[in-house]
Amino acid sequence: MFDIRDQHRPREVGAWVPPAPVRMMDHRPNRARVIQSADVFVDAAGLIYSTDYNAGLFILEFGG
């Protein structure tokens, strides 16, 4: 997450890496148990929705 109030000096103010999936949704043999984030959407209230092909949906709130 970046603070871009100064467009010439953006600064990182947060980061999130989802945990390794507990259960694989992709049942093909010999697939690595890895994070496969797909989309991120931020709503008007500031909630962050992040999808992962194997782990499902995460809903986050930044408290910076």
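Readers should treat all values here as calculations from the given coordinates under stated rules, not as data from a laboratory. Because the structure is a prediction, the values reported are computed rather than measured. Because the Cβ atoms are built from the backbone with ideal geometry, glycine has one as well, and the counts that use them run over all protein chains shown.
For the residues Ala20, Ala44, Ala38, the requirement of being under 11 Å from the mean Cα position of the chain (by Cα) and hydrophobic (A, V, I, L, M, F, W, C) singles out Ala38. Among the residues making up the range 21-55, those that are in contact (Cβ under 8 Å) with a residue 24 or more places away in the chain and small (Gly, Ala, Ser) are Ser50, Ala55.
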